[in-house]
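Some notes on the structure that comes next.
The values are calculated or read from the model by the stated rules, or taken from the named source; none is laboratory data. The structure presented is a predicted model; accordingly, all values stated were derived computationally and were not measured. Cβ: placed from backbone, ideal geometry, glycine included. Neighbour counts: every protein chain shown. Accessible surface areas use protein heavy atoms only, side chains included; no ligands, DNA or RNA. Shrake-Rupley method; radii C 1.70, N 1.55, O 1.52, S 1.80 Å.
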Amino acid sequence: EDPSSSSSTQNSVAPELPGFYYDPEKNRYFRLLPGHNNHNPLTKDSIQHRAMECKRLRLLEEEEKQNQKTTRAGLNSPVLLQKRQLGLLSSTSYCRLVHELKVNCMQRRKIEIHSPDSSVAGTNNFKIIVADVACERIFTVNDVEHGGCKYGIINLSGLGKESLTVEMYDNLYFTNRKVNSVCWASLTHPDSHLCLMGIAETPGCASLLPASLFSSTNPGDRPGMLCSFKISTAWSCAWCLNPQADNCFSTGLTRRVLVTNVVTGHRQTFGTSSDVLAQQFATQTPVLFNGCRSGEIFSIDVRQRNRKGQSWKATRLFHGSAVTSVHLMEAEHYLMAADMAGKIKLWDLRTTKCVKQYKGHHNEYALLPLHVNEEEGLLVAVGQDCYTRIWSLQDARLLRTIPSPHPSSKDAIPSVVFSSRLGGSRGVPGLLMAVKQDLYHFSYN
């Protein structure tokens, strides 16, 4: 049963009466009070929140007792090894099923965050964490009391098996801007810069910051921003790694896409009929995929000149709700997309058909990312209900649902990073979860 779904036992025990709530523990009906201004009102929202919190606490208790069950009957290490030795499983299938076992055995442990500035760690709520390609560092966006954001970089090299500590370096120069989207950029070397999209005041602002700003070196030696310009409200960003569109990043704006070359300053604008909420560049070709508020997904070849109308749109796919995340698979024949109706679909770009759906995700209005790990065959997504879910890419089976360590709320949706090499090529595997002021590691050994 999906922990985010409403309990079906209530309806089976007693019929639903308008204006009343049936309490199965007391076996009686209670009148629902109108409005939200009463003292301790009994409303549908409070009842649903209480039921959700009871489920969350129950699941946390089961996890602490290591009561996780595998999603496939008879799936355990000895059986898998025996089938592999008998030739009943291919190497690919064996590795995929082993990773499923590891996912079900992950245990949560809190990470201790150290910082040269004692005022940095553990004082502000995490909003976004994004790992670089090698998963050696994660960029963090933290909310601060006066309404802006604080940025930092956490070095994961200390995330060893014996010691769960990381170093966090804060940047004190850019703390006023709310961030809607962030991505790593490889300008002078891999993951050398960061693209930040958000709201300075009005209008919005796009910035490209050197990652060296976040270091323990002398602040006087730090370089400034490479580029920064004001734009309309920015929703998404993406960096291009294809040499045919080198040094370019894209910004998804209100009803348009802006592609900027950070070296020459040249810009291309593509008008759209809807806000662009999600973006990703292909690597084999200089093609940009965009997900819109209207539910449309389309691609742009950035080598072409600006054209009137929208004849430049190439591949076009359609969701029934606003698209919040797009992820191009490694072979670039398939595209994963999620929307605000909680739908996660895998599209075949050659036939423009949906080939798989991953059920159980919960979303109504939030911009929530997808995390795809093709090497292990896993898909990870955090829902608006604050549950982290893991699916098998192969058959779309929901493998595990992880409750948040904190009570669910709009400002406590976890941000996660999933990798088999947290901390670099010799790093440790697992899931990093940032929620409120805490950072957790779910071991994946």
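A few notes on this one:
- Subset of 65/102; 313/345; 178/343; 110/436; 65/110 violating a 23 Å alpha-carbon distance limit: 178/343
- Taking all protein chains into account, the per residue accessible area for segment 110-443 stands at 41 Å² (1.4 Å probe).
- Counting only Cβ charges, +1 for Lys and Arg and -1 for Asp and Glu, the dipole size of segment 110-443 around its Cα centre is about 1180 debye.
- Only lysines eight or more places from residue 26 in sequence, or on another chain, were considered; those with a Cα closer than 19 Å are 44, 55.
- Accessible-area composition of segment 110-443, carbon plus sulfur, in percent [1.4 Å probe]: 47
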